[in-house]
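The values are calculated or read from the model by the stated rules, or taken from the named source; none is laboratory data. This is a predicted model, so every value here is computed, not measured. All Cβ positions, glycine included, derive from the backbone under ideal geometry; neighbour counts span all protein chains shown.
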Amino acid sequence: MFRYLTAGESHGPALIGVLDGLPAKLRIDVEQIDAVLARRQGGYGRGKRMKIELDQVEFLAGLRGSYTLGSPIAVMIRNRDYKNNRDMMDPVTGHGQPLTNPRPGHADYAGALKYRQRDLRNVLERASARETAMRVCLGEICAQFLQALGITTRSYVHRIGPVEAGEIDEFSQEDVEKSDVRCPDPMAERAMIEEIDKAKAAGDTLGGQYVVRVDGMPVGIGSNRQPYTRLDGVLAGALMGMQTVKAVEVGLGADVASRPGSAAHDPFALNEDQVVRTSNRAGGIEGGMSNGQPIVLRVSVKPIPTLVRALPSVNLQEMTTAPATVVRSDVCVVPAAAIVGEAMVRLALVQPVLEKFGGDSIEETLENLVRSKAAAEVLFDRSTTEA
Ligand code: EPS
């Protein structure tokens, strides 16, 4: 029903994205897409490439007068760095010195063997996280669809290397935006920046964790019908589909393993006639379905594998030991990864949301949402159940 594709090499002419299956008549705020693209480019610890790029979306199809047509949406983001790399990356005549020493932790080695490439550039150009600019662009289009239904997604950075922020239940978007590392805890923020400086001076890199939170989720998105329809699996799969991600936790996540059942679940209570929960340890998902609480996901990101102080590797052409290839790179991408994580969650939510509410136009989707909420409200209403 809903799918998307991206294409593009890191130093090629452009990134391309196609979204198919969004309803018609949704108003798209194009300036807002560019604002989110700029947010992904920021964050303390980024390298020099971000001074070259100025990511902006160009719509090629699926939009007229700022409204979706229901036809496939096609978008492009040009790579400004292409003009500096044309000889190397021209789709017809591109050529250059082969890269030969795979970076431990990168796609270089497995990709070289898989695609039978003697030049690692033919692997790393697509493996590069440059492609996440397009995911953020497509994710923001999805965010505008979800927002029309009252569903919003936010994120903050919880850890960079050894520095962990305090437990944060509520956070203001303003505090996140103000922070160079997208962390709303000012003490932790300062320590995170120091760690990034230290890693840079040592020719090293740093990973971390970010939290994505979804508010306004209607109950019953996703299903327990089949393993692949469970919302937790769908979201974890989408987040693990990002470069650098090594673990995804829902609610208490790995901590749940050490707790007794009495401290692992979310008791029910009554507040007047409303069923409420006294905690959100499940992170908003039970039985593979949204339960109406905020969805809370914690994502662990590895330190990027391009180190200035290169790790031991081999030169595959000469079969000699040699340090890994060093290319221009970032020291820490966790703040940018948080923005990409939000995008992945948004992209992953559209299909299960449309499965529940359907609609060829946004009006129809909204009508179905209103009907569904009204039906849920009277399901256990005593006056109707007693009748
Ligand atoms: C990346 C390496 C760097 C990053 C890039 C991801 O690119 P370059 O080799 O051109 O300096 O800047 O990230 C982006 C270009 C971006 O837009 O985020 C890598 O190897 O993954």
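A few comments on the model shown:
- A Cβ distance below 7 Å, combined with a sequence gap of six or more or placement on separate chains, defines the contacts here; from segment 317-345, residues that are more than 24 Å from residue 188 (Cβ to Cβ) reach residues that are of a type in the set (Ser, Thr, Tyr) and surrounded by fewer than 22 Cβ atoms within 10 Å (Cβ to Cβ) in the pairs 317/100; 322/313; 323/313; 324/313.
- Checklist (1) closer than 27 Å to residue 370 by Cα; (2) without any contact (Cβ under 8 Å) to a residue 24 or more places away in the chain applied to residue 229, failing item: (2)
- Residue within segment 200-209 that is touching a His at 6+ places or on another chain (Cβ under 7 Å) and of a type in the set (S, T, N, Q) present: yes
- Residue that is farthest from the ligand (Cβ to nearest atom), among those in segment 234-252 that are surrounded by 17 or more Cβ atoms within 10 Å (Cβ to Cβ) and either of a type in the set (Gly, Ala, Ser) or assigned to a strand (DSSP E or B) (or both): 251
- Counted residues, segment 256-299 - those being polar (S, T, N, Q), in a strand (DSSP E or B) and crowded, with 20+ Cβ neighbours inside 10 Å: 1
- Checklist (1) touching a residue at least 40 places away in the same chain (Cβ under 8 Å); (2) under 28 Å from residue 280 (Cα atoms); (3) crowded, with 23+ Cβ neighbours inside 10 Å; (4) away from the ligand (no atom under 16 Å from the Cβ) applied to residue 168, failing item: (3)
- Within segment 110-128, tally of residues that are surrounded by fewer than 19 Cβ atoms within 10 Å (Cβ to Cβ) and either touching a residue at least 24 places away in the same chain (Cβ under 8 Å) or farther than 30 Å from residue 323 by Cβ (or both): 3
- A Cβ distance below 9 Å, combined with a sequence gap of six or more or placement on separate chains, defines the contacts here; from segment 69-86, residues that are touching a residue at least 60 places away in the same chain (Cβ under 8 Å) reach residues that are basic (Lys, Arg) and surrounded by 18 or more Cβ atoms within 10 Å (Cβ to Cβ) in the pairs 79/130; 81/49; 81/130.
- Selection within segment 312-330: residues that are at pLDDT 95 or above and in a loop (DSSP other than H, G, I, E, B). The member of this set that is nearest to residue 192 (Cα to Cα) is 324.
- Picking from residues in segment 185-233 that are among the hydroxyl-bearing types (Ser, Thr, Tyr) and part of a helix (DSSP H, G or I), the one that is surrounded by the most Cβ atoms within 10 Å (Cβ to Cβ) is 229.
- Remark: pairs (first residue in segment 285-305, among the basic types (Lys, Arg); second residue away from the ligand (no atom under 16 Å from the Cβ) and assigned to a strand (DSSP E or B); Cβ separation under 7 Å; 6+ apart in sequence or on different chains) = 298/158; 298/209; 298/211; 298/249.
- The single condition among (1) basic (Lys, Arg); (2) exposed (fewer than 15 other Cβ atoms within 10 Å of the Cβ); (3) more than 29 Å from residue 159 (Cβ to Cβ) that residue 51 does not satisfy is (3).
- Taken as a whole, segment 150-158 holds no residue that is hydroxyl-bearing (Ser, Thr, Tyr), over 16 Å from residue 338 (Cα atoms) and away from the ligand (no atom under 15 Å from the Cβ).
- When residue 329 is tested against (1) farther than 29 Å from residue 103 by Cα; (2) within 16 Å of the ligand (Cβ to nearest atom), only condition (1) is not met.
- Evaluating residue 140 against the criteria (1) over 30 Å from residue 365 (Cα atoms); (2) among the acidic types (Asp, Glu); (3) part of a helix (DSSP H, G or I) leaves one unmet condition, (1).
- Some residue of segment 348-358 being part of a helix (DSSP H, G or I), closer than 29 Å to residue 133 by Cα and under 12 Å from the mean Cα position of the chain (by Cα): yes
- Residue within segment 132-139 that is within 16 Å of the chain's Cα centre (by Cα), under 19 Å from residue 243 (Cα atoms) and either of a type in the set (S, T, N, Q) or surrounded by fewer than 21 Cβ atoms within 10 Å (Cβ to Cβ) (or both) present: yes
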